[in-house]
Protein chains: 2
Amino acid sequence: MKGVEPSINDVARAAGVSTATVSRALRGLPNVSAATAAKVTQVAEQLGYSASPAAVSLASGATRNIAIVCSQLNMWFTSNVCEAIVRAAQDEGFTASLLCLGKGSLHEAGAGQRRRVQAAKLRRRADAVIVVALPLLAGELAELQALNVPVVFVGPAVTGQACVHIDEYATAREATSYLLGRGHTTIAHLTGPADDDAEEGPPLLRLRGYVDALAAGGIEVDYELIAHCDYDREAARSAARDLLRTRPDTSAILGFSDVHAAGALAAAADLDLRVPADIAIVGIDGSELSEVLALTSLAQDPVLQGEAAVSLALDMLTGAPVPEQNVFPTTLIERASV
Amino acid sequence: MKGVEPSINDVARAAGVSTATVSRALRGLPNVSAATAAKVTQVAEQLGYSASPAAVSLASGATRNIAIVCSQLNMWFTSNVCEAIVRAAQDEGFTASLLCLGKGSLHEAGAGQRRRVQAAKLRRRADAVIVVALPLLAGELAELQALNVPVVFVGPAVTGQACVHIDEYATAREATSYLLGRGHTTIAHLTGPADDDAEEGPPLLRLRGYVDALAAGGIEVDYELIAHCDYDREAARSAARDLLRTRPDTSAILGFSDVHAAGALAAAADLDLRVPADIAIVGIDGSELSEVLALTSLAQDPVLQGEAAVSLALDMLTGAPVPEQNVFPTTLIERASV
DNA sequence: CTGTTAGCGCGTTCAC
DNA sequence: GTGAACGCGCTAACAG
């Protein structure tokens with residue numbers, strides 16, 4: 001009912017000790033007698049006291065907050081990673097704040113490029129930053145580093161930085177090999193968006209895996225079989241339709257993601273092709289979409305990756321050395337699309 | 001390169017004015033001459049100054065942060081609403097922090113009940129709280145109110161509180177009427193989870209709409225046609241399968257959500273029923289799932305709702321009176337499942 | 001229109 | 001083991 005929050009002074013007064021002692025006791029510092037510690041804790045609880053985050057932050061310099069920077073929340077990988085981060089942060093006594101830089105909803109005009117990472121929006125607001133599924137633009141890395149806080153990347157890897165990701169190359173290669181093993185020889189690849197800046201982003205890495213798998217199977221790359229589109233089912237559908245019309249001899253498609261694969265599936269339906277009889281389709285992610293559509297996919301675990309990112313960030317916060325490349329496995333899940 | 005952030009004092013010194021003037025100038029307060037304002041702004045920019053959020057918060061009492069409380073981020077409605085909130089908050093100069101109280105990932109043991117809303121986790125951390133798609137447990141509303149900040153609910157409505165939602169009753173009624181209009185008379189309803197506490201939650205309201213639509217069509221409710229399950233496709237599939245086995249005369253199913261409808265679709269496939277020939281299925285949400293599965297659905301717009309929630313919260317912050325019930329429309333999208 | 005003076009609520013030296 | 005004093009960086013009164 002009272003509109004005023006009890007401060008550390010109130011606790012100190014009620015407990016008959018100084019504010020310094022309250023501070024020490026409540027934070028479990030060693031130099032407090034068990035008796036006073038108990039007393040203070042009890043009084044604090046009774047008063048419903050909790051330290052003002054702002055005051056703590058101002059005095060200590062730490063925010064106990066982890067900032068998440070992502071593109072859009074309404075994508076399978078991102079939402080799952082973010083949720084895992086939020087939960088892990090909570091469990092560690094951290095809050096989590098979110099920044100969405102993606103192209104934005106259809107309601108917004110333009111819908112052009114995404115917003116840039118702005119250091120000012122992050123400065124003194126977080127003890128660590130986790131960048132989720134966001135290929136960096138030129139200069140953004142520098143800006144993030146200027147924050148002087150641990151930065152962890154989930155998804156697109158950044159060389160020289162703490163990263164959590166799957167083995168893009170190996171995953172695509174395995175998927176392609178799998179299709180080769182099933183007898184396919186004309187395998188198309190509906191690859192991902194050209195990362196604005198990152199030359200070594202997932203699309204390129206997966207493309208290499210695809211190419212090398214073909215090579216290992218004695219098949220030369222046919223660039224007509226490589227289409228390229230954004231993270232959008234309709235775009236993928238359209239791209240796949242074009243591809244299948246240009247090259248009706250295509251017998252299998254490897255999608256960059258399940259979304260791409262779903263688009264390919266729709267394209268096949270558009271062209272009255274039967275899956276997998278006329279055309280086999282494989283995706284990457286192992287998302288719900290792949291379950292729903294019975295899509296064979298190489299599954300990754302976003303929750304594990306989100307948790308790992310938090311763990312890395314907190315370790316870095318303590319100054320502990322952490323491995324830069326934290327690679328998580330993918331597993332082939334066979335469903336009806338092959 | 002410098003590890004030290006410039007403070008308001010540095011700016012004041014460099015600009016040859018007092019800190020108070022800097023504060024006023026940078027916040028655009030009226031009582032500053034245009035000349036000094038310009039000077040201060042210029043110096044601040046040059047120094048790369050930005051106010052310490054903690055200090056601002058401590059001195060002003062406001063956090064310029066909006067706390068979002070949700071269950072899980074990896075659900076269509078929630079993730080879209082949250083993203084919209086985050087974006088709208090950003091645009092208004094607010095940060096957004098997130099709390100996930102849902103049952104948690106499969107990695108966590110137990111996976112029992114969700115965590116409770118804890119006021120302590122929110123106290124002095126946000127100027128407003130937006131609760132997204134989270135039916136409240138007993139006592140939680142009181143705890144939220146004790147925060148003394150605006151609280152807005154998106155999804156499940158709370159009487160007497162600022163809410164953003166669709167007309168649950170009318171939506172379900174329209175969906176049911178639509179099926180009636182298509183000649184169906186044995187219409188089942190795969191309804192939602194029993195909200196732990198909220199008697200008047202979406203499941204019950206939609207159920208009423210369903211019942212009343214039947215009544216208006218001269219059809220008596222058949223409780224055998226009402227199944228009940230959680231927000232989970234597999235659970236829905238299983239429930240729908242049971243229902244269809246018990247009542248093979250069922251000619252249509254209204255799902256509580258697209259997820260429920262997707263489960264029903266899978267169940268139909270399990271039983272070798274053809275959709276829509278043998279059984280028609282309608283969902284609610286108009287999510288991507290409904291697109292992918294060609295599910296007829298009553299679509300709602302989570303982005304609009306998230307934006308509205310922020311707008312409401314900020315209005316309440318200024319003390320402006322706001323309407324309590326903010327109802328958004330749903331629109332029927334006809335696809336192949338009917 | 002501007003500067004001065006106090007706090008905001010804590011953590012953190014130091015002395016004791 | 002404990003307390004007094006100071007400072008974190010800023011806003012809010014109040015003077016002028």
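What does the copy distance list look like for A:I219, label position 7 Å along Cα→Cβ, in nm and ordered from shortest?
5.0
Based on the alpha-carbon gyration tensor of segment A:8-60 and its eigenvalue square roots a ≥ b ≥ c, which shape applies: rounded if a/c is under 1.5, prolate if not and a/b is larger than b/c, or oblate?
Cα axes put segment A:8-60 in the oblate bin.
Can you check what the net charge comes to around B:V117, using other residues whose Cβ is under 9 Å from the Cβ of B:V117 (Lys, Arg +1; Asp, Glu -1)?
+1
Rounded, prolate or oblate: pick one for segment A:180-253, where a ≥ b ≥ c are the square roots of the eigenvalues of its C-alpha gyration tensor, a/c under 1.5 means rounded, and failing that, prolate if a/b is larger than b/c, else oblate.
Oblate, since a/c reaches 1.5 and b/c is not below a/b.
What's the extension gain from B:E5 to B:N148 if we count 0.36 nm per residue and subtract their Cα-Cα distance?
Full-extension gain reported as 48.2 nm.
Provide the gained length on full extension for the span A:R13 to A:Q46, in nm with one decimal, where the gain is 0.36 nm per separating residue minus the Cα-Cα distance.
Residue separation times 0.36 nm, minus the Cα-Cα distance, leaves 10.6 nm.
Rounded, prolate or oblate: which one fits chain B, using the alpha carbon gyration tensor with axes a ≥ b ≥ c (rounded when a/c is under 1.5, else prolate when a/b beats b/c, else oblate)?
prolate
Hey, can you list the residues from segment A:56-82 whose accessible area shrinks by 30 Å² or more with all protein chains present, relative to the chain by itself (probe 1.4 Å, no ligands or nucleic acids)?
The answer is A:L58, A:L73, A:N74, A:S79 - residues whose exposure falls by at least 30 Å² when every protein chain is included.
So how much accessible surface do A and B hide from each other in total, probe 1.4 Å, in square angstrom to the nearest 100?
Using a 1.4 Å probe on protein heavy atoms, the buried area is about 4500 Å².
Calculate the FRET efficiency for B:T186 and A:A294 from the Cβ-Cβ distance with a Förster distance of 35 Å, rounded to the nearest 0.05.
So, using R0 = 35 Å, E works out to roughly 0.75.
Would you tell me the mean number of C-beta atoms belonging to other protein chains that fall within 10 Å of each C-beta in B:89-101, as a whole number?
5
How far is the Cα center of segment B:231-302 from the Cα center of segment A:230-308, in Å?
Result: 23 Å between the Cα centres.
What distance in nm separates the two pseudo spin-label positions at B:A269 and B:A55, each 7 Å out from Cα along the beta-carbon direction?
6.0
Between B:Q118 and A:A277, what is the label-point separation in nm under the 7 Å Cα-to-beta-carbon projection?
That separation, rounded to one decimal, is 5.8 nm.
Report, in deg cm²/dmol and to the nearest 500, the calculated mean residue ellipticity at 222 nm for chain B, where each DSSP H run with n ≥ 4 adds -39500 (n - 2.57) and the sum is divided by the residue count.
Calculated from helices alone, the mean residue ellipticity at 222 nm is -12500 deg cm²/dmol.
Quick one: helix A:302-317 against the long Cα principal axis of chain A, what's the angle to the nearest 10°, folded into 0 to 90?
It is inclined by approximately 40 degrees.
Please report, for A:A146, the nm distances (one decimal) from its label point, 7 Å out from Cα along the beta-carbon direction, to the equivalent points in the remaining copies, shortest first.
4.4
Once the other residues with Cβ under 14 Å from the Cβ of A:T296 are scored (Lys, Arg +1; Asp, Glu -1), what is the net sum?
Neighbourhood net charge equals -3.
Could you compute the FRET efficiency for A:A216 and A:F328, with r as their C-beta to C-beta distance and R0 at 25 Å, rounded to 0.05?
0.55
Return the average number of partner chain Cβ atoms within 10 angstrom of each residue Cβ along peptide A:121-133.
2
What are the label-to-label distances in nm, one decimal and shortest first, from B:N9 to the same spot in the other copies, with labels 7 Å along Cα to Cβ?
Once sorted, the set of distances for B:N9 reads 2.2 nm.
Counting only C-alpha contacts under 8 Å and six or more residues apart, can you give the relative contact order of chain B as a whole percent?
The value is 16 percent.
What residues of segment A:131-164 lie in the reach of a label at A:E199, counting those whose backbone N is under 18 Å from a point 7 Å from the Cα along Cα→Cβ?
Flagged as within label range: A:135-142, A:157-161.
Please compute the net charge surrounding A:T246, taking Lys and Arg as +1 and Asp and Glu as -1 over other residues with Cβ under 13 Å from its Cβ.
With Lys, Arg at +1 and Asp, Glu at -1, the net is -1.
So what is the relative contact order of segment A:8-60, in percent, for Cα pairs below 8 Å that sit 6 or more residues apart?
Reported as a whole number, the value is 33 percent.
Could you tell me the relative contact order of segment A:168-300? Use alpha-carbon pairs under 8 Å, at least six residues apart, and round to a whole percent.
Computed value for segment A:168-300: 25 percent relative contact order.
Pop out the carbon and sulfur fraction of the accessible area of chain B as a percent, whole number, probe 1.4 Å.
In chain B, the share of accessible area belonging to carbon and sulfur is 53 percent.
Sorting check: for B:119-131, A:263-275, which peptide has the highest mean count of neighbouring beta carbons within 10 Å, and how do the rest follow?
Highest mean packing first, the order is B:119-131, A:263-275.
List the GluC sites (Glu not before Pro) within segment A:221-304 that DSSP assigns to loop and that have no more than 13 neighbouring Cβ atoms inside 10 Å.
Here no loop site has a sparse enough neighbourhood.
Solvent-accessible area per residue for the protein assembly as shown at a 1.4 Å probe radius, Å²?
Here the residues of the protein assembly as shown average 43 Å² of exposed surface.
Based on the mean of other Cβ atoms within 10 Å per residue, sort peptides A:41-52, A:246-257 so the most packed one is first.
With the highest mean Cβ count within 10 Å placed first, the list reads A:246-257, A:41-52.
The values are calculated or read from the model by the stated rules, or taken from the named source; none is laboratory data. Please read these numbers as outputs of a predicted model, since none were measured by experiment. Positions of Cβ are generated from backbone atoms using ideal geometry, with glycine treated the same way; all protein chains shown enter the neighbour counts. Accessible surface is based on the protein model in full, side chains and every heavy atom, while ligands, DNA and RNA are left aside. Shrake-Rupley method; radii C 1.70, N 1.55, O 1.52, S 1.80 Å.
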